[in-house]
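The values are calculated or read from the model by the stated rules, or taken from the named source; none is laboratory data. None of these values were measured; they are calculated from a predicted model. Quick reminder, even Gly has a Cβ in these numbers, built from the backbone with ideal geometry, and neighbours come from all protein chains shown. For accessibility, only protein heavy atoms count, side chains too; no ligands or nucleic acids. Shrake-Rupley method; radii C 1.70, N 1.55, O 1.52, S 1.80 Å.
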Amino acid sequence: KKSTGELEEKKVWSESNAEISVFEVNIRFVGGLLSAYYLSGEEIFRKKAVELGEKLLPAFNTPTGIPWALLNIKSGIGRNWPWASGGSSILAEFGTLHLEFIHLSHLSGNPVFAEKVMNIRKVLNRLDKPEGLYPNYLNPSSGQWGQHHVSIGGLGDSFYEYLLKAWLMSGKTDEEGRKMYYDAVQAIETHLIRKSSGGLTYIAEWKGGLLEHKMGHLTCFAGGMFALGADGAPNDKTGHHIELGAEIARTCHESYDRTSMKLGPEAFRFDGGVEAIATRQNEKYYILRPEVIETYMYMWRLTHDPKYRQWGWEAVEALEKYCRVDGGYSGIRDVYNNRQSHDDVQQSFFLSETLKYLYLLFSEDDLLPFEHWVFNTEAHPLPILDKEDGNKEETQK
């Protein structure tokens with residue numbers, strides 16, 4: 001801060017040739033700046049959020065308007081991850097821009113941001129969905145799906161979250177978002193959600209019609225999502241969606257409880273007599289991820305069942321016991337091995353999500369209440385737009 005109390009403006013964006021991830025910059029930096037503005041009222045944050053949003057616009061210069069994953073901010077040249085199915089863009093990346101871009105139009109008076117993300121929906125709605133499911137890969141040049149892989153975990157996850165939250169953030173006026181969300185949940189229930197012989201409900205991965213009975217830690221966010229969307233569910237399905245959320249929360253708690261450190265693995269399986277346990281060495285790590293705690297927080301707020309605070313406290317004790325190090329908190333290489341081996345990394349989402357969701361789990365409901373705020377996928381709070389605001393974002397300066 002300057003001595004005047006004004007926040008000092010410095011040149012923030014480097015003009016180096018570095019490539020950035022459009023998705024990561026959006027959820028962490030644009031989302032963070034938007035939240036900082038809405039929470040503080042400091043104009044500099046609004047200005048920088050819009051400036052950064054403008055820097056991301058060249059990513060949308062593709063034949064379909066589906067953005068590239070990677071962008072050289074200096075040259076404006078975009079490309080996709082070389083490993084992604086035949087040059088495809090990734091569902092969870094281009095599908096997780098919506099909330100922030102709607103707010104950028106709202107705060108700048110420039111409709112271009114909202115137009116970019118509404119066009120993504122248009123492309124998706126034109127396409128045939130295999131069994132009503134959204135594959136993780138979409139080619140931005142041809143506008144056709146890549147491999148028919150479907151996941152509610154990595155590569156898919158936050159696309160579904162943002163359909164629901166777009167509707168909630170619009171003051172429940174975004175009818176298209178609402179329909180897309182509940183239709184997707186219906187297809188997920190039919191084709192991906194299964195119950196193990198031991199009675200644990202889990203969400204499998206779909207590969208061209210074949211199920212892989214594996215659930216990633218990232219997928220555990222879906223418990224909270226189902227609960228958050230329960231109130232608006234069609235055909236008296238509110239109770240069913242809450243129950244679905246509770247079942248996913250229980251399964252994810254089991255994945256924590258069945259380790260020696262009481263912290264969950266990166267992925268766990270339901271096959272070969274194994275339930276909610278990681279069977280591969282490269283899936284046994286815990287990198288301070290928030291999704292399970294996120295689901296506990298939503299379940300607590302929406303049901304007030306005390307077990308969710310109990311489960312959250314188990315995670316707090318495990319984090320303190322096994323992850324706390326001199327310089328902060330570290331991820332763990334193997335949650336099944338009591339001889340702890342730290343990865344020596346404190347991910348930024350540990351601060352923005354894991355600790356924030358824990359704090360909210362043990363706070364009163366009127367701290368960032370759901371009727372006024374939605375969280376972006378990095379847990380940055382964004383205000384719900386008044387019904388009028390949602391419709392007049394183009395004219396608002």
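As a check on your grasp of the helix formula, calculate [θ] at 222 nm for the chain: sum -39500 (n - 2.57) over DSSP H runs of n ≥ 4, divide by the residue count, round to the nearest 500. Let's see the in-between values first.
Values: 13 runs with 150 residues, N = 397.
Helix-only estimate at 222 nm: -11500 deg cm²/dmol.
Output the peptides 72-78, 19-25 sorted from most to least packed, where packing is the average of other Cβ atoms within 10 Å over each peptide's residues. Don't skip to the answer; put the middle values down first.
On the way: 72-78: 15.6, 19-25: 19.1.
Packing proxy ranking, top to bottom: 19-25, 72-78.
Only residues of the stretch 217-255 count here: report those whose backbone N is under 13 Å from the spot 7 Å along Cα→Cβ of Arg280, or say none.
Once the point is set 7 Å along Cα→Cβ of Arg280, 217 turn out to lie under 13 Å by backbone N, inside the stretch 217-255.
Between Ser142 and Thr238, what is the label-point separation in nm under the 7 Å Cα-to-beta-carbon projection?
For Thr238 paired with Ser142, the spin-label model returns 4.6 nm.
Any idea of Arg46's accessible area? Nearest 10 Å², probe 1.4 Å.
So the heavy atoms of Arg46 present about 60 Å² to solvent.
Rounded, prolate or oblate: which one fits the chain, using the alpha carbon gyration tensor with axes a ≥ b ≥ c (rounded when a/c is under 1.5, else prolate when a/b beats b/c, else oblate)? Walk me through the numbers before you get to the answer.
Values: a/c = 1.41, a/b = 1.24, b/c = 1.14.
Rounded.
Determine the shape class of the stretch 57-114: with a ≥ b ≥ c the square roots of the Cα gyration tensor eigenvalues, call it rounded for a/c under 1.5, and otherwise prolate if a/b is greater than b/c, oblate otherwise. Write down the numbers at each step before the final one.
Values: a/c = 2.52, a/b = 1.69, b/c = 1.50.
It comes out prolate by the Cα gyration axes.
What FRET efficiency comes out for the pair Asp386/Glu115, r = Cβ-Cβ distance, R0 = 30 Å, nearest 0.05?
Details: r = 21 Å, r/R0 = 0.69.
So the FRET efficiency works out to roughly 0.90.
How far apart, in nanometres, would the label points at Ser348 and Asp257 be if each is projected 7 angstrom from Cα along the Cα-to-Cβ direction?
That separation, rounded to one decimal, is 3.6 nm.
Take Thr190, Thr303, Thr354 and sort them by solvent-accessible surface of the protein heavy atoms, 1.4 Å probe, largest at the top. Let's see the in-between values first.
Details: Thr190 75, Thr303 55, Thr354 0 Å².
Listed by decreasing accessible area, they come as Thr190, Thr303, Thr354.
Which entries of Lys165/Lys195; Lys10/Lys48; Lys262/Lys321; Lys116/Lys172; Lys11/Lys47; Lys116/Lys179 have Cα-Cα distances beyond 18 Å here?
Values: Lys165/Lys195 27 Å; Lys10/Lys48 10 Å; Lys262/Lys321 10 Å; Lys116/Lys172 21 Å; Lys11/Lys47 12 Å; Lys116/Lys179 20 Å.
Lys165/Lys195; Lys116/Lys172; Lys116/Lys179, as the Cα separations exceed 18 Å there.
Taking K and R as +1 and D and E as -1, what net charge do the other residues with C-beta under 14 Å from the C-beta of Asn119 add up to? Walk me through the intermediate numbers first.
Working: positive: Lys116, Arg121, Lys122, Arg126; negative: Glu115, Glu176.
Computed value for this residue: +2.
Between Leu127 and Thr173, what's the calculated FRET efficiency when r is the beta-carbon distance and R0 is 25 Å? Round to 0.05.
Values: r = 25 Å, r/R0 = 0.99.
For Leu127 and Thr173, the calculated efficiency is 0.50.
Assign one of three labels to the stretch 118-198, namely rounded, prolate or oblate, based on the Cα gyration tensor with a ≥ b ≥ c the square roots of its eigenvalues; rounded applies when a/c is under 1.5, prolate when it is not and a/b is larger than b/c, and oblate otherwise.
Numbers: a/c = 1.99, a/b = 1.11, b/c = 1.79.
Oblate, because a/c is 1.5 or more while a/b does not exceed b/c.
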